[in-house]
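Worksheet for the structure shown next.
Read-outs throughout are calculated quantities, based only on the coordinates presented, and are distinct from any laboratory measurement. These numbers were taken from a predicted model, which means no experiment stands behind them. Note that we place each Cβ from the backbone using ideal geometry, even for glycine, and neighbour counts take in every protein chain shown.
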Amino acid sequence: MAKGKGKPPILTLSAEHEQQAIDKLKRLFSQRFELDLGSFEVAEVLELFTNEIAPHYYNRAIFDVQQHLKERFESIESDLWALEKN
């Protein structure tokens, strides 16, 4: 991925996965928008998504996991209370 100024990405791809993403984006731009972009231009778009958009999805995933774990722990706590002897 092109190394530009700004904050480092919170998510990184292996070289193989990055190339696959670039190839998919090139296909999308070509087929959907009739834009034939080079790998450099598409890598810039991928970098934009990685630095500016992906963090929102990442943070949402973290929030969703927190909510799931909270519900799970509450359920476990409830089960433990049910086992308590009077």
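Quick notes on this one:
- Computed about the Cα centre, the dipole magnitude for the chain is approximately 160 debye when only Lys and Arg (+1) and Asp and Glu (-1) carry charge, each at its Cβ.
- Relative contact order (percent, whole number), the chain, Cα cutoff 8 Å, 6+ residue spacing: 33 percent
- The structure shown yields Cα Rg over 2.2 N^0.38 Å, and of the options (1) 1.44; (2) 1.25; (3) 1.78 that calculated value carries the label (3).
- Using the rule -39500 (n - 2.57) for each DSSP H run of four or more residues, divided by the residues of the chain, the 222 nm mean residue ellipticity is -23500 deg cm²/dmol.
- Degrees between helix 54-83 axis and first principal axis of the chain (Cα, 0 to 90, nearest 10): 10 degrees
- Against the main long axis of the alpha-carbon atoms of the chain, helix 39-48 sits at an angle near 30°.
- Summary of packing: across the peptides 14-23, 43-52, the per-residue average of other C-beta atoms within 10 Å ranks them, highest first, as 43-52, 14-23.
- Only lysine pairs 8 or more places apart or on separate chains count here, and in the chain those with Cα atoms under 30 Å apart total 7.
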